[in-house]
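Here is the structure we will look at.
Where a number appears in this text, it was derived from the coordinates with a stated rule and is not lab data. These numbers come from a predicted model, not from an experiment. Methodologically, a virtual Cβ is constructed for each residue, glycine included, from the backbone with ideal geometry; neighbour enumeration extends over all protein chains shown.
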Amino acid sequence: MSDAEDAAARALGDLAGKTPQERAEGTHALFSSLAKDERKAVTRTLFLSLPKHDQKTIAREGLGSPSGATRNAIWLIIVISFAIVLLGSAALLGAAVFWETKANATYFAKIETIVTVFTSVLAFLSGLLAPSPIKGGGADGSG
């Protein structure tokens, strides 16, 4: 056994008859006395010894929710991407008016597909403007 393992075994033996609060304080003191690499190894071992459900709960608590700035950046990327697709499909639809179609010809994209993309993106962006049904404000305006 290494010196750290010997110290841990002695410390755990000292904690045997203590109250849960005293054991928690003693364990924290022992943990704090370890080097950074040792603390990482102990933390990883303890974490992996937990049931999967508890591991997921701890991971969720540790990560937390993204900040408002992060959420805003994500939404901005999504909306800009959809706006680019909307403008591109609108331009393609506008240009398609002037294209001459030939019988039995193979085209890069069918106009029906472009119309579907255009209307889908338009519906998505319009949905962002609709008030949320979760935040109240029912049909009669009461919240």
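Here each label is just a point 7 Å from Cα along the line to Cβ, and for Ile134 and Ser65 those points are 0.9 nm apart. As a calculated quantity, the FRET efficiency between Thr43 and Ile80 at R0 = 30 Å, using C-beta atoms, amounts to about 0.15.
Could you give the size of the charge dipole of the range 13-109 about its Cα centre, using +1 on the Cβ of each K and R and -1 on the Cβ of each D and E, expressed in debye and rounded to the nearest 20?
Working: 11 positive and 8 negative charges, 24 e Å.
The calculated dipole for the range 13-109 is roughly 120 debye.
Checking every one of the trypsin sites (Lys or Arg not before Pro) in the range 63-125 against DSSP loop status and a limit of 12 other Cβ atoms within 10 Å picks out Lys102, Lys110.
With each label modelled as a point 7 angstrom along the Cα→C-beta vector, the Ile111-Ala90 pair spans 1.9 nm. Of the chymotrypsin sites (Phe, Trp or Tyr not before Pro) found in the range 59-115, those that fall in a DSSP loop while having at most 14 other beta-carbon atoms within 10 Å are Phe98, Trp99, Tyr107, Phe108.
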